[in-house]
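The values are calculated or read from the model by the stated rules, or taken from the named source; none is laboratory data. Source: prediction; values computed, not measured. Glycine gets a Cβ as well: all are built from the backbone with ideal geometry, and neighbour counts include every protein chain shown. All accessible areas refer to the heavy atoms of the entire protein, side chains included, with ligands and DNA or RNA removed. Shrake-Rupley method; radii C 1.70, N 1.55, O 1.52, S 1.80 Å.
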Amino acid sequence: MVDLDDVRRIVGERHVVDGAALSGRPQDFWVHTPTAALGLAKPKDVQELSALLALCHQEGQPVIVEGGRTNLVGATQSTGETLLVSLERLNDIAVPDRQGMTVEVGVGAIIETIQQRCATDGLRFGLDFGARGSATLGGALSTNAGGFQALRYGVARDQVLGLECVLADGTVLSHLSSFVKDNTGYDLKHLFIGSEGTLGVITRAVLRLHPAPQSVNTALLAFETFEAVAETLGLMRRDLNGTLSSFEIMWAEFFHFNVDAVLNGRSPIEGRYPFYILCESEGFEAEADAALFEAVVGRAIEDGLVADAVIAASSRQRQELWRIREDFEAEMQLFKTMIDFDVSLPVASMEAFVSEVERRLNEEVPGNLGLHVLGHLGDGNLHVTTGLATPEGKGEVRRLVYELISGYGGSISAEHGIGLAKRDYLHHSRTAAEIATMRVLKQALDPKGILNPGKVI
Ligand SMILES: Cc1cc2nc3c(=O)[nH]c(=O)nc-3n(C[C@H](O)[C@H](O)[C@H](O)COP(=O)(O)OP(=O)(O)OC[C@H]3O[C@@H](n4cnc5c(N)ncnc54)[C@H](O)[C@@H]3O)c2cc1C
């Protein structure tokens, strides 16, 4: 283990936290037990981080880099021997390049801050998800986050043109390229993006930006059949001239539960339907965009696809619709021991998959507290959540769902990553040869296994 005094010599006395100040904070978003760690170091730049990692490499010191600790898979969970590293001081955002539509950002920057900074220059950073106010760029890149706008702009990986990172032994790899086309050997950045801090520490990125849309149109749609939902997705993708940015599904049980919890039961749509979609289009000509959006929703109703619809008439109403989709406070209380799944599978298999999960849960885990299903349908990504009164039986539920998703040829992690929570189920989505290759990469880049040990593989 490293001596914390050596760490202090590198990052400065004021930038090491230990003792009660560290143990007094919760581990992460889910786990509210005290943080167990040797200490938390906050280097100010890539040089300090490099020196710190060189020291840790020499001493065989386990290191976990943390961002906003909003990950949902135990990816930053530590033990008393871990040195935590926060890059919150590397949070600079350069002036965006308006012509090239890029911006260089330190990984400590908060996602929402990047969004807002780019917006002041008329540019859009195309990554957005519920934890935008706390999650950092480093965490989002390391988990390859997805979110609400992946349908339009892609996932975190797709936002990155150049990357700087530091290897376990302190070697700095800097390729802060701002080019869309740059075929100069292996594209190393994609090794680090999505690797959850196990292969290297990301310090900066050059992000690809887009023109900021000038109009937003939002609707809540109700459906009688899943087939009609899938057909409407195709219709909106085609007829909204590429402006569809979100297409979020909610199964009835979740929708009505959250309408009760968030809107005191005042549902924007009367009656009860099996499926609800919150969809949004963003364009560049307010009047024409609104007319087109209304026309496309109208056509879906006339064609008998959409059973009922509400188009948000104000930004307040838009926010209200999004709260039904985004607010999880009540769900977290309902499910006590919450067991959540973040899966990808073909849209055509979703309805059968969900029905089978429900049937098997009711048959094999009769004590389950219900099933909530929602997700980013446009990306083939569902969030399936259930709960138990106590943690016993959690493993059984996980096994059941992961075996099912594997049977459907789906992915056990669409956008949240593997971390600790899904590590033992990775084989449901990746072959033995793939996992062995991951181990070869880990061994090559981090031979002493100091970076986020025990996570992912
Ligand atoms: C309410 C809520 C809603 C969410 N919605 C979505 C969603 O819609 N879509 C989605 O994809 N995700 C969602 N998430 C989870 C999302 O993955 C995380 O919020 C985010 O990507 C992690 O960022 P963070 O800064 O909190 O990272 P942390 O949680 O601190 O870390 C995540 C991982 O990244 C590693 N890491 C952090 N920084 C670095 C770095 N600089 N270099 C190397 N490794 C690093 C950590 O070691 C860890 O393995 C949601 C989370 C919450 C709480």
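Charges on Cβ only, +1 for Lys and Arg, -1 for Asp and Glu, centred on the Cα centroid of the chain; of Gly234, Ile64, His210, which one is farthest towards the dipole's positive end?
Comparing the listed Cα positions along the dipole, Ile64 ranks first.
How large are Rg and Dmax for region 151-242 when calculated on the C-alpha trace, in angstrom?
19.2, 57
Report ³J(HN,Hα) in whole Hz for each residue of region 273-282, in order, from the Karplus equation J = 6.51 cos²θ - 1.76 cosθ + 1.60 where θ = phi - 60°; Gly and Pro get x.
10, x, 9, 10, 10, 9, 10, 9, 10, 10
Only Lys, Arg, Asp and Glu count, each charged at its Cβ (+1, +1, -1, -1), so figure out the dipole size of region 329-435 about its Cα centre, rounded to 20 debye. It would help to have the intermediate numbers written out before the result.
Working: 9 positive and 16 negative charges, 51 e Å.
It comes to approximately 240 debye.
Skipping prolines and chain starts, which residues have an amide H placed within reach, meaning under 5 Å, of the one on Leu176, given they are 5 or more residues away or on another chain?
Residues meeting the criterion, in which the H sits 1.01 Å from N, are Leu163.
Any aspartates and glutamates with Cα under 14 Å of the Lys181 Cα? List them, leaving off those in the same chain fewer than 8 positions away.
Cα-Cα hits under 14 Å: Asp158.
Quick one: plug the Kirkwood hydrodynamic radius of region 166-210 (C-alpha pairs) into Stokes-Einstein at 20 °C, 1.002 mPa s, and report D in µm²/s.
D, rounded to a whole number, is 182 µm²/s.
Please sort 358-367, 167-176 by packing, taking for each peptide the average over its residues of neighbouring beta carbons within 10 angstrom, highest first.
Working: 358-367: 13.1, 167-176: 16.7.
Per-residue Cβ counts within 10 Å, averaged per peptide and sorted highest first, yield 167-176, 358-367.
Between Ala286 and Asp260, how many nm apart are label points set 7 Å from Cα along the C-beta direction?
4.0 nm
Heads up, I need the accessible area for Met250: 1.4 angstrom probe, whole protein in place, Å², nearest 10.
Roll a 1.4 Å probe over it and Met250 shows about 0 Å².
Which GluC sites (Glu not before Pro) does region 250-329 hold that lie in a coil by DSSP with at most 13 other beta carbons within 10 Å?
Details: sites: Glu253, Glu270, Glu280, Glu282, Glu285, Glu287, Glu294, Glu302, Glu320, Glu326, Glu329; in loops: Glu270, Glu285.
Of the GluC sites (Glu not before Pro), the ones in loops of region 250-329 whose Cβ has at most 13 other Cβ atoms within 10 Å are Glu270, Glu285.
Val65's amide H: which non-local residues (gap 5+, or another chain) put their own amide H closer than 5 Å, with H modeled 1.01 Å from N in plane and none for Pro or chain starts?
Counting only residues 5 or more places away or on other chains, the set is Val85, Asn452.
Between Gln116 and Glu294, what is the FRET efficiency for a Förster distance of 30 Å, r being their Cβ-Cβ separation, to the nearest 0.05? Each step should come with its number before you reach the end.
Numbers: r = 29 Å, r/R0 = 0.98.
After rounding, the FRET efficiency stands at 0.55.
For Cα pairs less than 8 Å apart in space and 6+ apart in sequence, what is the mean separation divided by the residue count of region 282-410, i.e. the relative contact order in percent? Walk me through the numbers before you get to the answer.
Numbers: 117 pairs, mean separation 33.3, N = 129.
Averaging sequence separation for qualifying contacts and normalising by length gives 26 percent for region 282-410.
Using only Cα atoms, what is the ratio of the radius of gyration of region 329-435 to 2.2 N^0.38 Å? Let's see the in-between values first.
On the way: Rg = 13.3 Å, N = 107, 2.2 N^0.38 = 13.0 Å.
The value comes to 1.02.
Using a Förster distance of 51 angstrom, determine the FRET efficiency expected from the C-beta separation of His427 and Asp239, and round it to 0.05.
On the way: r = 42 Å, r/R0 = 0.82.
Here the calculated transfer efficiency is 0.75.
Among Val16, Gln116, Gly370, whose Cα lies farthest out toward the positive end of the dipole of the chain, if unit charges sit on the beta carbon of Lys, Arg (+1) and Asp, Glu (-1)?
The residue sitting most towards the positive pole is Val16.
Using the Karplus equation 6.51 cos²θ - 1.76 cosθ + 1.60 (θ = phi - 60°), what ³J(HN,Hα) coupling, rounded to whole Hz, does each residue of region 17-33 give in order, writing x for Gly and Pro?
10, 8, x, 5, 4, 8, 5, x, 9, x, 4, 7, 4, 8, 9, 9, 6
Just the number please: accessible area per residue for the chain, 1.4 Å probe, all protein chains included, in Å². Don't skip to the end; give the middle numbers.
Working: 19360 Å² over 457 residues.
Here the residues of the chain average 42 Å² of exposed surface.
What's the center-to-center distance, using Cα atoms, between region 291-314 and region 95-115 in Å?
If we compute the Cα centre of each part, the gap is 35 Å.
What does the charge dipole of region 215-326 about its Cα centre add up to, to the nearest 20 debye, if the Cβ of each Lys and Arg holds +1 and the Cβ of each Asp and Glu holds -1?
Working: 9 positive and 19 negative charges, 60 e Å.
Taking the Cα centre of region 215-326 as origin, the dipole is about 280 debye.
Tell me which lysines have Cα within less than 27 Å of Lys422's Cα, excluding those fewer than 8 residues away on the same chain?
Lys189, Lys336, Lys394, Lys442, Lys448, Lys455
For the chain, would you read off the P(r) tail past 39 Å as a percentage of all alpha carbon pairs? Don't jump to the answer; show the numbers that get you there.
Working: 24898 of 104196 pairs.
Tail of P(r) above 39 Å: 24 percent of Cα pairs.
Taking loop as defined by DSSP and a crowding limit of 11 other beta carbons within 10 Å, which GluC sites (Glu not before Pro) in region 129-231 fit? Intermediate results must be reported in sequence, preceding the final value.
Numbers: sites: Glu164, Glu196, Glu224, Glu227, Glu231; in loops: Glu196, Glu224.
When the GluC sites (Glu not before Pro) of region 129-231 are filtered for loop state and at most 11 Cβ neighbours within 10 Å, nothing remains.
For the chain, what does the relative contact order come out to in percent, with C-alpha contacts under 8 Å and a separation of six or more?
Working: 950 pairs, mean separation 71.5, N = 457.
It comes to 16 percent, rounded to a whole number.
Using alpha carbon centroids, what distance separates region 183-260 and region 38-91, in Å?
Each part's Cα centre sits 30 Å from the other's.
Given labels modelled 7 Å from the Cα in the Cβ direction, how far is it in nm from Arg98 to Ala36?
Result: 5.3 nm between the two label points.
For the chain, what is the calculated [θ] at 222 nm in deg cm²/dmol (nearest 500), taking -39500 (n - 2.57) for each run of four or more DSSP H residues and dividing by its residue count?
Numbers: 15 runs with 156 residues, N = 457.
That comes out to -10000 deg cm²/dmol.
Note down the magnitude of the dipole of region 102-211 about its Cα centre, charges +1 on Lys and Arg C-beta and -1 on Asp and Glu C-beta and zero elsewhere, to the nearest 20 debye.
On the way: 9 positive and 10 negative charges, 55 e Å.
In debye, rounded to 20, region 102-211 gives about 260.
Could you check how much of the accessible area of the chain is carbon and sulfur, as a whole percent, using a 1.4 Å probe? The partial results should precede the final answer.
Working: 9620 of 19360 Å².
Ligands and nucleic acids excluded, carbon and sulfur reach 50 percent.
Using 7 Å Cα-to-Cβ label points, what is the Glu356/Phe179 separation (nm, one decimal)?
Reported label-point gap for Glu356 and Phe179 is 4.7 nm.
If you take the beta carbon distance between Glu363 and Ala313 as r and set R0 to 35 Å, what does 1/(1 + (r/R0)^6) give as a FRET efficiency, to the nearest 0.05?
Values: r = 45 Å, r/R0 = 1.28.
That pair, Glu363 with Ala313, gives E of 0.20.
When only Cα pairs under 8 Å and 6 or more residues apart are kept, what is the percent relative contact order across region 116-203?
Details: 111 pairs, mean separation 25.6, N = 88.
About 29 percent, as a whole number.
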